[in-house]
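Only one structure is covered here, and it is reproduced in the block below.
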Amino acid sequence: MENLITFLNQNSGALTVVFTGVVTLATVAYAVLTAILVIETRKLRQVQTEPRIEIRVDALDFAMNIVRLCVRNIGDGPAKNVKFEPLVINGGKVAKSLLEEFLSPNFFKTGLKYFGPGQFQFSGYTQTNKNFEAKAICVLCFKVTYESVTGKKYEEDIVVDMAELRGRYQLGKPNLYVIARSMEEIQKDFHNISTEFKRIKVDRI
């Protein structure tokens, strides 16, 4: 015990320097970790308010030959002042005609003042059972500009390749379509019963 006390007394200066160094390193490490945490938190908040626009080819459930473009905000934040600049990359006159069909809704010209997360808009439609091969080689591009609620501006080129339509098929009929048709039949039956155009058949034993 006495030897330990003597050692500490003789090397107190060196031990103080070592202890101070350890405390300094720990403080620096804590500061670095805190800075990293602040940066990650800031990125997370930015992602939570960041919009993201996608444009993809979408076919109607009940008619695969009728297609349109679906413009959707897949981000977690709303987009403001969305503007569209469409152009043809490939397909010539057929692509220009196709683009005119898609651009029939007015929002492509006026833009969207507010486009909430999960919100979507549909373009005009075209029928792929008419001139399919010529339409399938068409490639369109939309230059989309918009901004987040924090004022951050975004600009991206979204390419729409109609070749994605090749090989599509559908087994059976969509559930919603079947339900809608069934409801129509039920409505007709009730109408016929109420107007006595059709009698209920009763089997007597």
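The values are calculated or read from the model by the stated rules, or taken from the named source; none is laboratory data. Just so you know, these numbers come straight off a predicted model, no measurement behind them. Reconstructed Cβ throughout: ideal geometry from the backbone, glycine too, with neighbour counts over all protein chains shown. Heads up: the accessible areas ignore ligands, DNA and RNA and are worked out on the full protein's heavy atoms, side chains in. Shrake-Rupley method; radii C 1.70, N 1.55, O 1.52, S 1.80 Å.
Checking Tyr125 against (1) in contact with an Asp or Glu (Cβ under 6 Å, 6 or more places away or on another chain); (2) modelled with pLDDT under 95; (3) not hydrophobic (A, V, I, L, M, F, W, C): exactly one of these is not met. Which one?
(1)
Say whether the condition of being among the polar types (S, T, N, Q) and modelled with pLDDT of 90 or more is met by at least one residue in region 60-77.
Filtering region 60-77 down to residues among the polar types (S, T, N, Q) leaves 65, 73.
Adding the requirement that they be modelled with pLDDT of 90 or more leaves 73.
So far as region 60-77 goes, yes, one or more of its residues are among the polar types (S, T, N, Q) and modelled with pLDDT of 90 or more.
Identify all residues within region 95-146 that are in contact (Cβ under 8 Å) with a residue 40 or more places away in the chain and touching a Phe, Trp or Tyr at 6+ places or on another chain (Cβ under 9 Å); write none if there are none.
The first filter runs over region 95-146 and keeps only residues in contact (Cβ under 8 Å) with a residue 40 or more places away in the chain, leaving 95, 98-99, 115-129, 134-135, 137-146.
Across region 95-146, the qualifying residues are Phe115, Gln121, Ser123, Gly124, Tyr125, Thr126, Leu140, Phe142, Lys143, Val144, Thr145, Tyr146.
Please work out if Tyr146 is under 20 Å from Glu54 (Cβ atoms) and open to solvent by less than 20 Å² (accessible area, probe 1.4 Å).
Yes: the conditions hold for Tyr146.
Which of the residues belonging to region 26-59 are at pLDDT below 80 and among the acidic types (Asp, Glu)?
Glu40
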